[in-house]
Every structure is written in structure tokens, then in C-alpha cells.
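What follows is a single structure, written as C-alpha cells, with notes after it.
Read-outs: derived from the displayed coordinates by stated rules, not from any lab. Fair warning: this is a prediction, and the values are worked out from it, not measured in the lab. A quick note on method: Cβ atoms are made from the backbone with ideal geometry, for glycine too, and the neighbour counts reach across all protein chains shown.
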Amino acid sequence: MSDARLAESGGLKQIGLFEAGMLRVLRYMLHQGPPDRALPVLDNRFPVVPDRLSENALHLLRDSLRKGCVLYLVRAGGWKREKALRNGEVVEGRLWERSTADELKLVFSRRVLDLLWWLTGFRPGEHPNRIPTTRDEPSTGDELLRMLVWEGCRGKPELLKVFRTQEMFAANPLCWLMFPEDFAVAEGEPNCPDFSSWMSGPRSLILEAMQTRLEERWVQLERSRGQQTDWVQMNQQSRAVAATLSQFLDACERSGRVDLARFLLRTLRRIFSTELSPNFWIGGLISTTPMRMADRIETQRAALCTVRAVRRMHRWEQTSRSRGFYDEEYRAAKYWLGEWERHDGDTTLTRCEAVLQQIEPFRNTDPVV
Amino acid sequence: MSRAYRIKVAEKLSRDITASDEICSDLEILEILAPEQMGELLKGKLAERGFEEKDGTMTRQGNGVTITVDPKSGEVRVKADATESVELKAEKDDWGYDDVGPSKEIIEKRLQEGLKKDLEKRADAKQQQLQQKATERLEGEMSEVRGELNRVVNEITREALKIKARSLGEIKEMSEDAEAGTLTIKVEV
């Protein structure tokens, strides 16, 4: 709807053209608006960028954030009746049934508006090239929205290039967990942030709510690996995925929040619904093959890093079996054993191990005698 | 009237180039006995096949390939090395004039720089060739090494099963079926 028509319609609030652009961008990022109305805003520059926003625009932006983020989390999996671990106890129900309203509160800072203002008003390479930011600790809502902005801009490599240099994205664990392959680096080790702060409080509730969305995303990620044709890119992406998994699973293990990793168990269960060969991951590698065998094997092993994560989850299962009724972790152990059985962990483990063995140069297929 | 003269420059590059390729993996050793006992069995079998003990690992060299096995962890490294001394020579010439254009020193310097770049490129190409040679050597040896190490693993598995059976009781009967690939041990406990 144009500005004029907005103004004409009696009950609607009047906002400027730039502000309407910001609103379109925000609603698109929150999965509330169509991309064909928001993406042109990201591509075309506004002739005038206002210094401040009108009260009407602020009201609408706040309203969209408030409702949009909640709706996103509900749709991402918060609506499902699930079990979660809280302080070693199992709680069950939909996200809002297993948490109080106070726990579910999402807080946004004005940095969110700065980000939207920059996205709407400036293009990469223009001044200011950097998104305005502060050294303040980001709020939970800020981090969720930044992940959604990252997701919305994935089709725009020039924007992602700028984002990668910004701490608000590069140090955002949720961005890494959702899109680990986007953080591939050409040299050195990927610098994946620590997930400890996501294991309790409102951030852990976001992870609880997003289990279904995370599962979908990781299934998509693993399925897309077989289409990667470039050895170098495969290696770089796999190292980023492996670093994310390592940091995330370490944090889950340390904090006793293994329930937050159940999306991974479900992902592997779905992928290994039948027996697979390593070609599912590395079958697309056709570009210039690395000369050294060492490099080839390293890339192949790295490509199977998600499959290898089953070993960690199996170890949790083994530890859980050894817990007795009087142990402090008894309920958490029972919970993980239940999840392992529900998702047929043993079959998944056998199939994962078979695939991992197939790429090993010294696999023994000869009979013992 | 200007006089033309020909400037000829020769350059030489001597270099020792090295290349290597390596495979690192683990042997599939079943935990039939304690890890130390399995390690000892592996060590013994490898020694029979010409491996020598060195810093706690068993090593054998041959055909430019070094195989190192850690009997404790079952880790295997197969490494192919190749070294070569290369001596590359190149010559280039150009024309200069005594009254116009760049001086003799400038032309010589330019030719030398060009030659050095050419020689570096040729040395890099030699390095690539040597790398390919090392990798081909490793690939060539791999199937034999794999087969040999798998046989060793199977031998120690059989040996370990027999030791285990003896520890359980008196062995009454033992038969090996090569066709079915089975080993049957009957033990009286």
C-alpha cells in the first residue's frame, strides 16, 4: 500500500516512505511479509535517509517485532508438546506451558532499529559501511532478530560479506547454529562463539522452541552437501560445521542440557532412514581433485562431521545407562535414554558407523580366517 | 650513427626439492583381550614382518614409503617421501644501442629478473611433478599395505580368541573354515 493510501485510510497510521521500507524489511525478516516487497528495498537506495523515526513508525516497528518474533518461535516448534530439561528435571508441554510468562519475555534494544535503518538506507560499500553498534551485551531479542536478518539476506552475498565482519553476527551463536556453513573461512580455524549463555535463561527457551526449525535446517544442510562440487569449499564449510557442532555439543554436555541437542538426533534419524553410502555427502566432488591423498582424505572425513556427532550422543546414552535411581542426574539420564530409543538411536548409530568406516583407508573387510 | 649490440644473460638455479604425502588412520582392532595384550600381539606380528621398534612405535621403510604403527593405539601412518636436486639453467638475449634506449646495465637487469622468474616457475613445476610422484608412490603401496595390515589384524584376532578361550577353560576342539571365514573353538569350562 502506498503512503498516500496509508494516509487516506482513516484508522491507519501515517508513516514516511523510508519508514514503510523499514517495516517491509522487518516483516520479511520475521517471515511475515513477502520477499518481493522487501528485497527491492534492500537493493534500491532511498534518496533521503531520515535521522530519526516518527512515533507512528516506532509504534508499528515495535508492534511487528513483538508479535512477529513470538509467532516465529511458535511456528518454529514452540507449539509442540515436547519434553525439556530444566535444572535436571523433565518438564513437558508446549513452550508457554512449561515456562512462565516472565521467563518467556523477549527484550530488544535500539540496536535492532539501527540494524533495520542501515539495511533500508544503505548499501554495502556506501558510507556508513559499518552497521551502527555498541559494545553492550546484546539482548536475547536482538540475537534472535539478527539470526532472522542473516537468514533473510542469505541470497545477497554482498550483504553477508559485510555481516561476516560485524561482531553482532560473527559472535552470534544462533547464527552459527542455524547456518554454520556460511561461516567458512579460507585460512585458519573457524572462530565459533561459545554457546554457554544459550544453555539457560531466555536464550535456552529460544533453542527449545526452535528444535523443529533446527532439525529442518540441518537436514537441508546435510542433503545439500552432496551437491558441493568444490573440494576446497567442502573442506572450508565442513570445518565451520565441525567447529559449530563441537562448541554446541560441549556446551550441552557441560550444562546438562542434552535436550537442546535432540534436533541433531532427529536430523540423523531422518537422513539415515535408509542405509547410505559416503557418496551422499562427497559424491558431488568433481572439481580439481587435490593432488595429495592426505588432503583428499581430510576433506572426506571433514564432510562427515555431522555423522560423527552420533558418537558423542551415543556416549551420552552409555553414560545415561550407568546412572542409578539415587544419582542426581537420574531423570536427565532417563530423558536421554527415552529420546535415544524414540528416535531409534541404535539403528542410526550402526548406519552412521558403517558410512564412517567406508571412507577409512584401513577398513578391514576380510574374514578373520 | 648508433651501434647495436647483443646482450646475453645466463642464470642458474640449484635447489633441493622435497615432497611428501601421508595417510593416517586406525586399525580396527577388536577388544578381545586387554588393550596392552592386544598391543603386544600386534607388536609381535609386525616384528615378524620386518617392522622395527622405534620410540614405542613399529616402523618399516621401503620403496620410499615409511609405515609406522603405534601398537598401543592402533594408529597407522603411511608416508611417502620424495626428494630431488634440481639444477636449472636458462639463457636470454636482447639487443641494445649505444646511443638510444635503455643502457646495457638496465637491459641486463631486466633479463636477469625475467630469467629468475622463469626458473622459479620451472622449479615450481618440478615440485608439482615430485609431489605427484610421491602421491603415486603412496597410492601404489596403499593396496599392498592395506592387505598386509588387515592380515596382521586378522592374525592377532585369531590369536587373541585362542588365548581368551584358553583362559575360559580347556579347549576341546578348534576348527577353521576358510570358505565361511569362521573360527570355531569349543571350550570345556
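The table for this structure:
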quantity: Size of electric dipole in the range A:79-152: Cβ of Lys, Arg +1 and of Asp, Glu -1, about Cα centre, debye, nearest 20; calculated: 140 debye
quantity: Residue-span extension gain [B:Ser143 to B:Gln128] - 0.36 nm each, minus C-alpha spacing; calculated: 3.0 nm
quantity: Sum of -39500 (n - 2.57) over DSSP H runs of 4+, divided by residues of chain A (222 nm, nearest 500); calculated: -17000 deg cm²/dmol
quantity: Lys/Arg +1, Asp/Glu -1 at C-beta; chain A dipole; positive extreme among A:Leu276, A:Gln237, A:Asn44; calculated: A:Asn44
quantity: Isotropic mean projected area of the C-alpha convex hull, chain A (nm²); calculated: 22.7 nm²
quantity: Packing-based exposure ordering (other Cβ within 10 Å, fewest first) of B:Lys172, B:Lys116; calculated: B:Lys172, B:Lys116
quantity: Furthest towards positive pole of dipole, A:Tyr28, A:Leu119, A:Ala171, structure part the range A:1-171, Cβ charges; calculated: A:Tyr28
quantity: Relative packing of A:93-103, A:235-245, B:57-67, which averages over residues the other C-beta atoms within 10 Å, highest first; calculated: A:235-245, B:57-67, A:93-103
quantity: Average partner coverage of B:131-137, which counts Cβ from other chains inside 10 Å; calculated: 2
quantity: Angle in degrees between helix A:345-358 and the longest Cα principal axis of chain A, rounded to the nearest 10; calculated: 80 degrees
quantity: Acute angle (nearest 10 degrees) that the helix A:55-73 long axis makes with the longest principal axis of chain A, alpha-carbon atoms; calculated: 20 degrees
quantity: Packing rank of B:74-85, A:178-189, A:321-332, where each peptide gets the mean count of other beta carbons within 10 Å, highest leading; calculated: B:74-85, A:178-189, A:321-332
quantity: Under 26 Å from the Cα of B:Lys92 - lysines, other chains or at least 8 residues apart; calculated: B:Lys8, B:Lys12, B:Lys104, B:Lys109, B:Lys116, B:Lys117, B:Lys121, B:Lys126
quantity: Peptide B:146-153, shielding by other chains (average Cβ, 10 Å cutoff); calculated: 3
quantity: Gained length - A:Glu360 relative to A:Glu187, 0.36 nm times residue gap less alpha-carbon distance; calculated: 59.7 nm
quantity: Normalised contact order of the range A:212-369, rounded percent, pairs of Cα under 8 Å and 6 or more residues apart; calculated: 31 percent
quantity: Spin-label pair B:Lys116/A:Arg164, simplified geometry with 7 Å Cα→Cβ offset, distance in nm; calculated: 3.5 nm
quantity: Low-density loop positions, chymotrypsin sites (Phe, Trp or Tyr not before Pro), the range A:207-277 - DSSP coil, at most 12 other Cβ in 10 Å; calculated: none
quantity: Residue-averaged beta-carbon neighbours from other chains (10 angstrom radius) around A:291-303; calculated: 4
quantity: FRET efficiency estimate (nearest 0.05) - Cβ-Cβ, B:Arg77 to A:His31, R0 51 angstrom; calculated: 0.50
quantity: Dipole moment magnitude, nearest 20 debye, the range B:4-188 about Cα centre, only Lys, Arg, Asp, Glu C-beta charged; calculated: 420 debye
quantity: Helix-derived mean residue ellipticity, 222 nm - over chain B, DSSP H n ≥ 4, -39500 (n - 2.57), to 500; calculated: -15500 deg cm²/dmol
quantity: Whole-angstrom gap from the range A:235-265 to the range A:12-46, using each part's C-alpha centre; calculated: 35 Å
quantity: Computed label-point distance, nm, for sites A:Arg123 and B:Ser2 using a 7 Å Cα→Cβ extension; calculated: 5.0 nm
quantity: Reachable lysines from B:Lys172, criterion Cα separation under 24 angstrom, eight or more residues apart if same chain; calculated: B:Lys162, B:Lys164, B:Lys186
quantity: Stretch gain in nm, segment B:Glu176-B:Ile163, where the contour uses 0.36 nm per residue and the Cα spacing is subtracted; calculated: 3.1 nm
quantity: Acute angle (nearest 10 degrees) that the helix A:211-225 long axis makes with the longest principal axis of chain A, alpha-carbon atoms; calculated: 70 degrees
quantity: Relative packing of peptides A:114-122, A:141-149, A:43-51, B:118-126 - highest average C-beta neighbours within 10 Å first; calculated: A:141-149, A:114-122, B:118-126, A:43-51
quantity: Pair A:Val107, A:Thr347: separation of 7 Å Cα→Cβ label points (nm); calculated: 4.6 nm
quantity: Residues listed by number, the range A:334-369, amide nitrogen under 20 Å from A:Arg81 label point at 7 Å toward C-beta; calculated: A:335-336, A:338-343
